[in-house]
Amino acid sequence: MKRLFIAILSVFALATTSQSQYVVDTTLLLSKNDMQWWRDAKFGLFIHYGLYAIPGRGEWVMWNERIDTAEYSHLRDKFTCEKFDAKQWVDIAKQAGCKYMVLTARHHDGFCLFDTKFGSYDARHSAAKRDLVAEYVEAAHNAGMRTGIYYSPLDWRYPGFFFPDLYRSNAEEMKKQTYTQVRELLANYGKIDILWYDGGEDNWLGFGGLMWNGSWYTRGFDKPYTGKFSWEPIKLNRMVRELQPKIVISQRSGWMGDFDSQEMAFKGKLKNNPDRPYELCTLLGGDAWGWTPKSATQIMNLDTCIQLLVKVVCQDGNLILNVGPRPDGSIEPAEVQRLKEIGNFLSKYGESFYSTRGGMYDDSWGGTTMSNNVIYVHVLKVPAYRVVNLPPVSQKVSSARYLRDNKKVTFDQSNTGVLLTGIADKQNEPDLIIRLTLK
Ligand code: GLC
């Protein structure tokens, strides 16, 4: 009876997205003011780098191929990082128009790019003999780039992750590792702007939990873990707030976090909470977050990158694009080239993205962003009859001009909407932007 009551109780305190379950506790949330820079930033660069770059079969290679942890750990002897240049990474992000970066300080394989005192499975004790997080944070700080760190509480080396009750003391050891290392990351490198958790939700324990009732079955990611172990995400993030009060915290620690994370598939604003900040994370290139040979060949084309950014920003979200550097630490030239192209576009049209809020979006032609007394109309597809029909605007539209050449656009404003007519051709522009000035 008591267990049933606990199970019912836990459901009320939990909220669920596809594979993430988290505790809703608004007392730890950043204020709107403290979230403003992140909402104004719109666009970030995600970097997945670690031992997994060496086999080049994605960041899940250890699990996917059930590689023995000891055998896998020998990869560090080959982890020379000879072309790892944090300043170059930060320059690439800046040239792309990214306002923040997030680097995988530790992924699910447990290997740390930073110098940890919790064991020595880290880059300092690898062929590289370097603290890559220290170099990254320093380079980002020197360039005025907002600095984010990805951390995975999940660690495949711990049987306690798979059977947190049977191997409870081992699971507690894994938890102690997380608290220790999160404290190291937030106490030893100066200001950190974003903490991007992954795999820290209780329902992820045991990957949806292998269970036994005379035969094996899985609990399923959608069902809460109800055993005795817990990451205690409120306690963890209280510690985080003590160390870095203004840090923006993602969702996957089991606490709701300051923003929702959408992965690969874009879902837009949260139906039940449209003002909740969210971020879409997806791959710029390759077929995994970590480097694979396809990182050099399979790259999102420029139009698609820009149109995705427009779709996300018009719906009030952020976009973070991922690259997986090569084993030597260099980023694929073709990905660098694409990022440069995005940067060229944003250097011309950034005003219609940064520090705006989303307006409306229509899959048939595009959408709008707004800031102060300006509405930006993003035409991704020139609509039939070259007409865009916008919803009513309370203020008076005083002018409508293309951002690219300042040429006039004919418009008619009434209380049923604003009609833009004679929309020009895009002429190879991924996004034809019209600036409406309001009085
Ligand atoms: C997924 C992947 C993980 C990656 C993360 C980034 O959860 O499994 O490897 O780090 O997405 O969003």
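The values are calculated or read from the model by the stated rules, or taken from the named source; none is laboratory data. Please read these numbers as outputs of a predicted model, since none were measured by experiment. All Cβ positions, even for glycine, are placed from backbone atoms using ideal geometry, and neighbour counts span all protein chains on display.
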(message) Just to be sure I understand the filter: pairs with C-beta atoms under 7 Å, separated by 6 or more residues or on different chains, first member in region 308-329 and free of Cβ contacts under 8 Å to residues at least 60 places away in the same chain, second member charged (D, E, K, R) and within 13 Å of the ligand (Cβ to nearest atom). Which pairs pass?
(response) Gly317/Glu279
(message) If I filter region 281-293 for residues that are away from the ligand (no atom under 15 Å from the Cβ), part of a helix (DSSP H, G or I) and modelled with pLDDT of 95 or more, do I get at least one hit?
(response) yes
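Take Thr437 and decide whether it is of a type in the set (S, T, N, Q), assigned to a strand (DSSP E or B) and touching a residue at least 60 places away in the same chain (Cβ under 8 Å).
Working: of a type in the set (S, T, N, Q): yes; assigned to a strand (DSSP E or B): yes; touching a residue at least 60 places away in the same chain (Cβ under 8 Å): yes.
So Thr437 fits the description; yes.
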(request) Find the residue count for region 248-269, including only residues that are within 13 Å of the ligand (Cβ to nearest atom), surrounded by fewer than 17 Cβ atoms within 10 Å (Cβ to Cβ) and either touching a residue at least 12 places away in the same chain (Cβ under 8 Å) or of a type in the set (D, E, K, R) (or both). (result) 1
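Pick from Pro245, Pro164, Pro274, Pro233: which is under 28 Å from Asp122 (Cβ atoms), more than 16 Å from the ligand (Cβ to nearest atom) and exposed (fewer than 14 other Cβ atoms within 10 Å of the Cβ)? I'd like the intermediate steps shown before the answer.
Details: Pro164 fails: exposed (fewer than 14 other Cβ atoms within 10 Å of the Cβ); Pro274 fails: under 28 Å from Asp122 (Cβ atoms); Pro233 fails: exposed (fewer than 14 other Cβ atoms within 10 Å of the Cβ).
Checking each option against the conditions leaves just Pro245.
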(request) Could you please give the count of residues in region 277-305 that are within 19 Å of Met101 (Cβ to Cβ) and surrounded by fewer than 14 Cβ atoms within 10 Å (Cβ to Cβ)? (result) 0
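Within region 181-273, which strands (runs of 3 or more DSSP E) (wholly inside it) include 1 or more residues that are modelled with pLDDT of 95 or more?
Numbers: elements: 194-197, 210-212, 216-218, 260-263.
Ranges flagged: 194-197, 260-263.
I'm trying to understand the selection: among the residues of region 361-372, which are among the hydrophobic types (A, V, I, L, M, F, W, C) and either assigned to a loop (DSSP other than H, G, I, E, B) or touching a helix residue (DSSP H, G or I) at 6+ places or on another chain (Cβ under 7 Å) (or both)?
Just the residues of region 361-372 that are among the hydrophobic types (A, V, I, L, M, F, W, C), to begin with: 365, 370.
Hit for region 361-372 is Trp365, nothing else.
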